[in-house]
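FYI, it's all coordinate maths here, none of it is from the lab. It should be emphasised that the depicted structure is a prediction, and the values quoted were computed from it without experimental measurement. Don't worry about glycine lacking a Cβ; one is built from the backbone with ideal geometry, like all the others, and counts go over all protein chains shown.
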Amino acid sequence: MTYDFRALIDFFPYFLPAAWLTIVVSFFGIALGAVLGLLTAFARISSKPVFNLPSRFYIFVIRGTPLLLQILFLYYSLRSIFNFEAMTSAIVALGVHNGAYIAEIFRGAIQSIAVGQMEAARSLGMTYRKAMVRIVLPQAFKRAIPSLGNQFIIALKDSSLASAITIKELLLKAQQLGASNFKMMEMLTIAAFFYLFYTSIFTWLFHKIETKLSVSGSA
Amino acid sequence: MITIKGLEKWFEQLHVLKGIDLIVNPSEVVVIIGASGSGKSTLLRCINFLEKFQKGEVFIEGKAVNQQDEKMINEMRSHVGMVFQHFNLFPHMSVLHNVIEGPTQVKGMGKEEAIEIGRYYLDKVGLIDKENAYPSMLSGGQKQRVAIARALAMEPSAILFDEPTSALDPELVGEVLLVMKNLAKDGMTMVIVTHEMGFAREVADRVVYMDEGVIVEQGTPKQVFDLPQKERTQSFLSRVR
């Protein structure tokens, strides 16, 4: 078996639509995950059981089952209930999955901010909400950034599992092309190139944000 | 004026405050002394409702504060400042921003007016040249002086100090105590929990000695330090000297 380097260049353009789909699934999945994660984090640290218990259950179920199972489960259930397309299901699944992990990242970051910060803010007469928004969250966000960057990279790579529900993102595209032109390794290499490219951008971006934030006042 | 009536507080099974009665008059400087675990810090935190208590009442400016009423507590807190042992400055904000955060966010004051007030109080604590610095760039003594300016900027009717010099290196204690002395001279009502006996003797109008959740003895510094009536006070003072 020979490795066809030319095929890397010849087939590259065929991957562009798939590369775009990977971006779309990842972007909306991560965005949904971030919103769900933040809301869940607040519910999780609430002392009220109405908020606290459902959020714990959500995190328990999502962290305790495989993402591939969640994607398939949501695909079949959302299709039969709401007639959702595969694409929507993939985004929802990725969002719901990452929401649980991002919630734990935010919760940890919020709770890592010393109690004294909240007390100092409250002692000035601020409401809990205002103290949270003005004093605790800005510090917590900063502390969450390395873990968030990590999670976003995981989410981006996990978008490949959407191939299981017919989303023609990078991995499924590589498999399909490879099956027809018998250059599977070359096709997988092209897909790998795109993933590396995307994750490099994330790494670079988060590094930028981290250094920028560490300049403007340290925690 | 702060009035505390029959205040009792439990942490789970632990009875930390066993019926405290205390009146702090306007412009009075009350210094609370006592061993660790005597309940003095808890008492201070109850006055600001950072701790909820199970029995008794706290009156601020003659009004009984309802512990369940968040709005009332917030309103009351804007009139009673607090300075903490560990400063608790907001690390993501500059010194000036720390000081104007209360007036702008709680009182709804305009930024320009707040900056004017903020600079006035930063000048008062001798840190006007540090307004653009971030807390991480300051020494412990400077941080505590910023924290005092932050409390002052709310123009409170009283300030509570919870062991304000206990976390400081010995050589930095003096600058903080000096600021507090000047405040006392200006007629600020202050309740101070401290281990600085020399400071208590010099600045206090009244010294309150607490032990095991009760006020054992109180009086002028002369009365408490030189002629303590109760045996517990005598033995505590002999230990800290």
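Note on A:154-166: average number of Cβ atoms from other chains within 10 Å of each residue's Cβ is 0. Modelled label positions at A:Phe5 and A:Ser77, each set 7 Å beyond Cα in the direction of Cβ, lie 5.1 nm from each other. Each Lys and Arg adds +1 at its Cβ and each Asp and Glu adds -1 at its Cβ; summed about the Cα centre, the range B:123-196 shows a dipole of about 120 debye.
Computed from the alpha carbon atoms alone, the convex hull of the protein assembly as shown holds 200 Å³ per residue.
Only four residue types carry charge here, +1 at the Cβ of Lys and Arg and -1 at the Cβ of Asp and Glu. Report the dipole size of the range B:9-88 about the Cα centre in Debye, rounded to the nearest 20. Before the final figure, lay out each step's value.
On the way: 9 positive and 9 negative charges, 38 e Å.
The calculated dipole for the range B:9-88 is roughly 180 debye.
For the listed peptides A:144-154, B:109-119, a ranking on the average number of other beta carbons within 10 Å per residue, highest first, reads A:144-154, B:109-119.
Cβ neighbours within 10 Å, averaged per peptide: list B:227-235, A:32-40 in order, most packed at the top. Spell out each step's value before the answer.
Working: B:227-235: 14.1, A:32-40: 20.6.
Going from most to least packed, we get A:32-40, B:227-235.
For the segment B:99-106, counting C-beta atoms of other chains within 10 Å of every residue's C-beta and taking the mean gives 4.
Phi-derived couplings, Karplus 6.51 cos²θ - 1.76 cosθ + 1.60 at θ = phi - 60°, listed residue by residue for the range B:92-100: 8, 10, 5, 4, 5, 4, 4, 6, 8 Hz, with x used for Gly and Pro.
Across the range B:117-224 the C-alpha pair distances fall into 10 Å bins from zero in the proportions 13, 44, 31, 10, 2 percent.
Remark: mean inter-chain Cβ contacts per residue of B:47-57 equal 1, using a 10 Å Cβ-Cβ cutoff to other protein chain atoms. Considering helices alone, the calculated mean residue ellipticity of chain A at 222 nm is -26500 deg cm²/dmol, with DSSP H runs of length four and up weighted by -39500 (n - 2.57) and normalised per residue.
Rounded to the nearest whole Hz, the Karplus-based 3J(HN,Hα) values (6.51 cos²θ - 1.76 cosθ + 1.60, θ = phi - 60°) of the range A:74-91 follow the sequence 5, 4, 5, 6, 5, 5, 6, 7, 10, 6, 5, 6, 4, 4, 4, 4, 4, 5, with x at glycine and proline.
In terms of the Cα gyration tensor, with a ≥ b ≥ c the square roots of its eigenvalues, is the range B:114-159 rounded because a/c is under 1.5, prolate because a/b exceeds b/c, or oblate? Oblate, since a/c reaches 1.5 and b/c is not below a/b. Residues whose amide H comes within less than 5 Å of that of B:Val83, counting only those at least five positions distant or on another chain, are B:Leu160, B:Phe161, B:Asp162 (H built at 1.01 Å from N in the peptide plane). Residue by residue, the range A:172-185 carries 3J(HN,Hα) couplings of 5, 4, 4, 5, 5, 5, x, 5, 8, 9, 6, 10, 4, 4 Hz when phi is fed to the Karplus relation 6.51 cos²θ - 1.76 cosθ + 1.60 (θ = phi - 60°); x denotes Gly or Pro.
Can you give the charge dipole size of the range A:1-79 about its Cα centre, rounded to the nearest 20 debye, using +1 on the beta carbon of Lys and Arg and -1 on the beta carbon of Asp and Glu?
Working: 6 positive and 2 negative charges, 105 e Å.
Here the range A:1-79 has a charge dipole of around 500 debye.
Sort out for me the Cα centre separation of the range B:43-96 from the range A:8-70, rounded to whole Å. Their Cα centres are 40 Å away from one another. A cut-off of 5 Å between modelled amide H atoms, ignoring neighbours fewer than 5 places along the same chain, links B:Thr189 with B:Ser27, B:Ile159. Oblate is the label for chain A. Its Cα gyration tensor axes, ordered a ≥ b ≥ c, give a/c of at least 1.5 and b/c at or above a/b. Prolate is the label for the range A:51-151, because a/c, from the alpha-carbon gyration tensor with a ≥ b ≥ c as root eigenvalues, is 1.5 or above and a/b exceeds b/c. Measuring r between the beta carbons of B:Lys63 and A:Phe60 and using R0 = 41 Å, the FRET efficiency lands at 0.30. Take every DSSP beta bridge whose two residues both sit in the protein assembly as shown; close to 55 percent of them are antiparallel.
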